[in-house]
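One structure below.
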Amino acid sequence: MKQVLFQHGTLALLVPGLLTGTLTIKELLQHGDTGIGTGEGLDGELVILQGQVYQVQSTGHIRQVPGDFTVPFANIHHADYHPLAQLSDLTQAQLYQQLNDRIKAPNTFYSVKITGTFAKMHTRAASKSTPPYATLLATAQNQQEFTAENVSGTLLSYYSPKLFHGAAVAGYHSHFLAEDLTIGGHVLDFALTSGQVQVQVFDTLEQHLPIENQEFMQHDFTKDNINSDISQSE
Ligand SMILES: [Zn+2]
């Protein structure tokens, strides 16, 4: 069976501040039940699990969003994970290294889902900005950070090959949602106590672009520092 990762928008379009929501959650959910993203104006961080869309707001509050909520960027896919390993006592860097060594798929997209307990979790959530939008770097300064210890939950990660940096973040892009919804967001750092690690390798990237959005269609990306700005803000 074809394994498809659906992506709406690109990280590159966030760089110059093209933050308009160009796809509804209702439309997004037609392409999967598991994913990550952000809302219009970088309105928090989204974690999609089993078809439920959770938004971690910059206040730290976590809620489910309505179907008409819109996104400028999101990744979603139909969950079809395979067990990889039960892993324990690893820092973020150690875990990502273990994933590289075990999955051995550096040139394609894949998703890793870890359910377990984390000794430390450090996340951020962007604050919603309003038009005219500033650049991603400026908007990303406007974020709140959260930390928790000994928290249970799900870490949902997408790996993108280096070749696709710009469309996505090269390497791992992870979001977290605590089981009790006390903490979540875009993951900055963590330490895994113990977790069940599952993987799903994609053979197809379905890249959807907001061609109804005139600002996107007419924007000249040659003047933007796409690669370095993404590395700095993501
Ligand atoms: Zn993120």
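Close amide H partners of Val65, meaning residues 5 or more places away or on another chain with modelled amide H under 5 Å apart, are Val53, Gln55. Each peptide in 67-74, 160-167 gets a packing score, the mean of other Cβ atoms within 10 Å over its residues, and the list from highest to lowest is 67-74, 160-167.
Under 1.5 on a/c is rounded, so check that first for the stretch 68-126, then, if it is not, pick prolate when a/b is larger than b/c and oblate when it is not; a ≥ b ≥ c are the square roots of the alpha carbon gyration tensor eigenvalues. The shape class here is oblate.
When peptides 22-35, 79-92 are sorted by average Cβ neighbour count within 10 Å, with the highest value leading, the order is 22-35, 79-92.
Checking the Cα-Cα distances for Lys26/Lys162; Lys26/Lys128; Lys26/Lys223; Lys2/Lys104; Lys2/Lys223; Lys104/Lys128 against a 27 Å cut-off, the pairs over it are Lys26/Lys162; Lys26/Lys223; Lys2/Lys223; Lys104/Lys128. Each residue of the stretch 104-113 was assigned a 3J(HN,Hα) from its phi angle through the Karplus expression (A = 6.51, B = -1.76, C = 1.60, θ = phi - 60°), giving 6, 9, x, 9, 9, 8, 8, 10, 10, 10 Hz with x at Gly and Pro. What part of the accessible area of the chain, given as a whole %, is carbon or sulfur when the probe is 1.4 angstrom? So the carbon and sulfur contribution to the accessible surface is 49 percent.
Taken one residue at a time, the phi angles of the stretch 114-130 give Karplus couplings (6.51, -1.76, 1.60, θ = phi - 60°) of 10, 10, x, 10, 10, 5, 9, 9, 10, 10, 9, 9, 6, 9, 5, 10, 10 Hz. Gly and Pro are set to x. At 1.4 Å probe size, what's the solvent-accessible area of Ser152? Round to the nearest 10 Å². Only protein atoms counted, so the area is about 50 Å².
Computed with a 1.4 Å probe on the full set of protein chains, the accessible area for Leu181 sits at about 70 Å². Residues Thr147, Thr135, Thr38 ordered from highest to lowest accessible area at a 1.4 Å probe: Thr147, Thr135, Thr38. Taking every protein chain into account, the 1.4 Å probe leaves Glu234 with about 60 Å² of accessible area, to the nearest ten.
Of all beta bridges that DSSP places with both ends in the chain, some 90 percent have antiparallel geometry. Per residue, the accessible area of the chain comes to 45 Å², computed with a 1.4 Å probe over protein heavy atoms only. Between Tyr110 and Tyr159, Phe202, the built amide H atoms are under 5 Å apart, and every one of these is 5 or more places off in sequence or on another chain.
Rounded to 0.05, the FRET efficiency of the Asn225 and Leu181 pair, given R0 = 35 Å and the Cβ-Cβ distance, is 0.45. Amide H contacts of Ala85: Val197, each under 5 Å away and 5 or more positions distant or on a separate chain (H built 1.01 Å from N in the peptide plane; Pro and chain starts excluded). Using alpha-carbon positions, what is the distance between the centroids of the stretch 90-143 and the stretch 168-234, in Å? So the two Cα centres are separated by 7 Å. Rounded to the nearest Hz, the phi-derived 3J(HN,Hα) couplings of the stretch 214-221 under the Karplus curve 6.51 cos²θ - 1.76 cosθ + 1.60 (θ = phi - 60°) are 5, 4, 5, 4, 9, 5, 9, 6, where x marks glycine and proline.
The values are calculated or read from the model by the stated rules, or taken from the named source; none is laboratory data. In this text, all values refer to a predicted model and were calculated from it rather than measured experimentally. Neighbour counts are summed over all protein chains in view; Cβ atoms, including those assigned to glycine, are modelled from backbone coordinates with ideal geometry. Just so you know, the surface numbers come from the protein's heavy atoms only, side chains and all, with ligands and any DNA or RNA stripped out. Shrake-Rupley method; radii C 1.70, N 1.55, O 1.52, S 1.80 Å.
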